[in-house]
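Have a look at the structure below before the remarks.
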Amino acid sequence: MTKCLLITITVALAVMAPARAEPEQHASPTPAEGSTDQLNELVVQPALCALAKEESLCRKPIAIYWRLAASASPCLYRSDAEDALHCWRQELNGKLNITIETESNIVFQLRDGETTLAEAVFQVLWEEQQRRRRRNPWQFF
């Protein structure tokens, strides 16, 4: 009797579960409220700096690329400074090479006046070094 009940429940669950014919297609993300266009792009390469545990400062040359859907006069800002890194006049795209020195993440923003057109993050990560404790093979406790 138990085997019959188990088979019945399994069959009922199989019938109730929806069949998946194709993998789900995700819709493209919609632009956030207040953003001007989803085609604006800001890229930081490399976007990551991995530091050893004893290191405190990341020093690395990076390239920052940007592209806009419509011509603008944007300026590039970083979150840890008030002044613009560089400004362009009536451009659709641009590039800036800089050497970065930081101990924390930096958010780069491409702005035209008060409007943020695009942003990208440069991340700083520390490698966790775990001390490996040697254990004698004859010790059990």
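Is there any pair linking a residue in the range 56-77 that is farther than 24 Å from Gln90 by Cα and free of Cβ contacts under 8 Å to residues at least 40 places away in the same chain to one that is buried (at least 17 other Cβ atoms within 10 Å of the Cβ) and among the hydroxyl-bearing types (Ser, Thr, Tyr), with Cβ under 8 Å and at least six apart or on different chains, and which?
That search, which allows pairs on different chains as well, returns nothing.
Residue-by-condition table, conditions (1) at pLDDT below 90; (2) more than 18 Å from Asn105 (Cβ to Cβ); (3) assigned to a strand (DSSP E or B):
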site	(1), (2), (3)
Ala19	yes, yes, no
Glu22	yes, yes, no
Ala27	yes, yes, no
Gln38	yes, yes, no
Glu55	yes, no, no
Arg67	no, yes, yes
Ala70	no, yes, yes
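With respect to Lys95, is the statement that it is in contact with a Phe, Trp or Tyr (Cβ under 9 Å, 6 or more places away or on another chain) and outside any strand (DSSP E or B) true?
Values: in contact with a Phe, Trp or Tyr (Cβ under 9 Å, 6 or more places away or on another chain): yes; outside any strand (DSSP E or B): no.
Here the answer is no, as Lys95 does not meet what is asked.
The values are calculated or read from the model by the stated rules, or taken from the named source; none is laboratory data. Quick caveat: nothing in here was measured; it's all calculated off a predicted structure. Here Cβ is always computed from backbone atoms with ideal geometry, including for glycine, and neighbour counts include all displayed protein chains.
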